[in-house]
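Here the structure comes first, spelled out in structure tokens, and everything after it is commentary.
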Amino acid sequence: MKILLIAGHGDGDCGATGNGYKEADLTREVATLLKAQLNGYADVEIADMTKNWYQYVCKKGGSLSVKGYDYALEIHFNAIKPEEKSDGATKGTEIYVTTAEKGTTVEQGIVNAISALGFKNRSVKRYNWGLINYIKKKGVSSALLEVCFIDDIDDMKLYKTKKSEIIKAIANGIINGFALEKKANELTEACNVLAAKGIINSPDYWAKGEGYSDSNTVLLVKKFASYVRGD
Ligand SMILES: [Zn+2]
């Protein structure tokens, strides 16, 4: 399963603002944390976050390749009218799919899980927003999540205190909706085996799978030879 995350706004467009937050920053934060949360369950990529993909594709005629992806999730925060004073209630979470989308199990799961944390459930809606419509027309299921209202005091208070649970809720909506199973990461397991035998000291460094320095690689080969010899 290959998933594309798209952080809304950016590249000079900060999106909606409220309660000291800028939407473009929050969408990037959610995309980054969500990718980490889905690690092992799916191959997740975040579309280049230096870009404003809606502007680039829908206004400037640029293109976004979604070849090989099974699902694309565009992340936004909602806004309607700045709240002056807390009314003690959240405005809530909602998610959009295009009118061409058949099932909405995943999207139902996402908003249900987020609303279980205290956000009003504004449910799954249908609207052909530019970028998700562009993606759906290319044959990839897509959705646009409005996590909560950036201009609502209660929404953002809850976002701040429950950020990690919200990320887990979105991830679980995807994991359960697509019935994804966690794959054991072979490289991580191999590194743990070598660390347990004292052949490597920094399993995290080796488990990254790239960026090894020549001197560290040479050291690894020597230590492994030493282990094989039984020194
Ligand atoms: Zn937005």
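Numbers for the structure displayed
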| item | result |
| --- | --- |
| Percent RCO, i.e. relative contact order, over the chain, from Cα pairs under 8 Å lying at least 6 residues apart | 22 |
| Amide H contacts of Tyr96 (H built 1.01 Å from N, under 5 Å, at least 5 apart or other chain) | Lys125, Leu144, Leu145, Glu146 |
| Semi-axis lengths (Å, descending) of the ellipsoid that matches the C-alpha gyration tensor of the chain | 39, 21, 18 |
| Hits among lysines - C-alpha to C-alpha of Lys197 under 16 Å, sequence gap 8 or more where chains match | Lys222, Lys223 |
| Sequence-distant residues sharing a close amide H with Val44 (under 5 Å, placed H) | Ile3 |
| The chain - accessible surface per residue (Å², probe 1.4 Å) | 53 |
| Student exercise, the chain dipole from Lys, Arg, Asp, Glu Cβ charges, in Debye to nearest 20 | 400 |
| Euclidean distance between Cα centres, region 104-129 to region 190-231, Å | 45 |
| Cross-link pairs Lys2/Lys85; Lys136/Lys208; Lys102/Lys183; Lys102/Lys208; Lys59/Lys81 - those with Cα-Cα distance over 31 Å | Lys2/Lys85; Lys136/Lys208; Lys102/Lys208 |
| DSSP bridge pairs, region 2-177: antiparallel proportion in percent, nearest 5 | 25 |
| Ordering of 83-94, 182-193 by packing [mean C-beta count within 10 Å, highest first] | 83-94, 182-193 |
| Accessible area of region 2-177 belonging to carbon and sulfur atoms, whole % at 1.4 Å probe | 48 |
| Per-peptide average of other Cβ atoms within 10 Å, ordering 4-16, 195-207, 122-134 highest first | 4-16, 122-134, 195-207 |
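The values are calculated or read from the model by the stated rules, or taken from the named source; none is laboratory data. Computed from a predicted model, the values in this text were never measured in an experiment. All Cβ positions, glycine included, derive from the backbone under ideal geometry; neighbour counts span all protein chains shown. The area values use the complete protein model at the heavy-atom level, side chains included, leaving out ligands, DNA and RNA. Shrake-Rupley method; radii C 1.70, N 1.55, O 1.52, S 1.80 Å.
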